[in-house]
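Take a look at the structure set out below.
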């Protein structure tokens, strides 16, 4: 009887169900692909709270898009930042672009630069364009050309078109130096990172106005509808006009007018006005995949 009892107990143990497998990031991705956004976000949240960088990045994207969770840029920033600090390249790019769109250019460039140093093509394009134009960083067209050429070499279409515009206005010697620098950076990313970091030191900010004054100025600007979307920078005004003609028929730009802003040897294409940053950002979302970000008119 003892042997039979022991065997029965052993058989019962073998037949007992195994503990449920812990949810994985992949399980969340599969749920997302099925349209089960809330379930996906719940899976990623549990993993992100335990420090999983992939899950934190995906959760940040859910908050950015407002799928499965309420749209919340602050929460998106929180989770992107958690993943970015762990070296997650896509999170560094997403965080950089989110900060750039919110007006925090210094922090944005810091994160985008980290991703660019790892060869991420979108970050290389944004940072390279900023260097070329001197937007928030010390102007260095040759280094900017190097960054954009690296992005273009990876097949990024917007980088290839930007490089073509640069080719029209840079001298042959400047382009050669840019290509040589791109090769050097690619071979020795650590050294290239130091070189680029030195060139990208943001200008020292001017004295910050009192909070009440700044808030009042923002309120007045919004009342005037002093927000625009920036759609690109071109070597000729004609190219900027051509792009606006192409986009002016879209619902996102209905009733908006173009602004052609000269900056050095380039012409920036902006469109507006919009009554707020949020409405300008919404227009950019509808214009995707066209590169676009909200700017305050000056």
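Observations, loosely collected:
- Stokes-Einstein, applied to the Kirkwood radius of region 25-86 over Cα pairs at a viscosity of 1.002 mPa s and 20 °C, places its translational diffusion at 197 µm² s⁻¹.
- Förster radius 25 Å - calculated FRET efficiency between residue 180 and residue 157 (Cβ-Cβ, nearest 0.05): 0.55
- Highest average packing first - 81-90, 57-66, Cβ atoms within 10 Å: 57-66, 81-90
- Protection proxy ranking of 272-278, 283-289 - average other beta-carbon atoms within 10 Å, highest first: 272-278, 283-289
- Values of log10 I(q)/I(0), in the order q = 0.13, 0.15, 0.20 Å⁻¹, for region 220-296 under a Debye, Cα-only, solvent-free model: -0.34, -0.45, -0.79
- Cα gyration tensor category, rounded, prolate or oblate, for region 122-173 with a/c compared to 1.5: oblate
Only the coordinates and a few stated rules stand behind these numbers; no lab work does. Bear in mind that the values here come from a model prediction, so they are computed numbers and not experimental data. Positions of Cβ are generated from backbone atoms using ideal geometry, with glycine treated the same way; all protein chains shown enter the neighbour counts.
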